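Below: the structure, in structure tokens.
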Amino acid sequence: MTGPDGQSVGDIHEYLAAFDDIPGTRVFTAKRARQGYHMNQFAMSLMKAENRERFKQDERAYLDEWPLSDEQKDALLRRDYNRCLDLGGNVYFLAKLFSTDGFSFAQAVSTMTDMNFEDYTKMMIAGGRSPEGQRSIKANQQDKEGSR
């Protein structure tokens, strides 16, 4: 088996750990799926109009009905989507929350960057982010240390 860097990997945990080296990327692994199962089930519950209404009336009370960690509830309430992903959320399930809030997928995803929606849209229309500096956290650190 080879890792994302093309190197031979003999252990699945070593292989999966290599994905943590991709800047700004959270690979949705089985571990994250288990961690975020209830958060993603909560998000899917928002597909029903009656659940969206209950959630909008008292978000905290609705979240308290789910076996979520306090950290997950806080991230959902703050609409900190990057933190939701860190805690096992899947962006396609979380899209139900974006929609409940009246945001398009692109509007919600733009909040996960350091750009406003207008700048994010312009960047995506122009072809997206440059891959330069986006391949490896370790390589970026080595480049910084080498340039000193």
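What to note about this one:
- The residue that is farthest from the chain's Cα centre (by Cα), among those in region 114-136 that are assigned to a loop (DSSP other than H, G, I, E, B) and at pLDDT 85 or above, is 126.
- Of all residues in region 17-62, those satisfying the criterion of being over 18 Å from residue 91 (Cα atoms), more than 16 Å from the chain's Cα centre (by Cα) and not basic (Lys, Arg) are 17, 18, 49, 50, 51, 53, 55, 57, 58, 59, 61, 62.
- Test: residue in region 62-74 that is surrounded by 16 or more Cβ atoms within 10 Å (Cβ to Cβ), among the aromatic types (Phe, Trp, Tyr) and over 20 Å from residue 26 (Cβ atoms): yes
- Tally of residues being more than 17 Å from residue 26 (Cβ to Cβ) and of a type in the set (Lys, Arg) across region 96-137: 2
- Scanning region 89-100 for residues that are at pLDDT 95 or above and β-branched (Val, Ile, Thr) turns up just one, 100.
- Residue list for region 89-112, restricted to those being surrounded by fewer than 20 Cβ atoms within 10 Å (Cβ to Cβ), of a type outside the set (Val, Ile, Thr) and assigned to a loop (DSSP other than H, G, I, E, B): 90, 101, 102, 103, 104, 112
The values are calculated or read from the model by the stated rules, or taken from the named source; none is laboratory data. Keep in mind the model is a prediction, meaning the values are calculated, not measured. Counting neighbours? That spans all protein chains shown, and the Cβs are built from the backbone with ideal geometry, glycine included.
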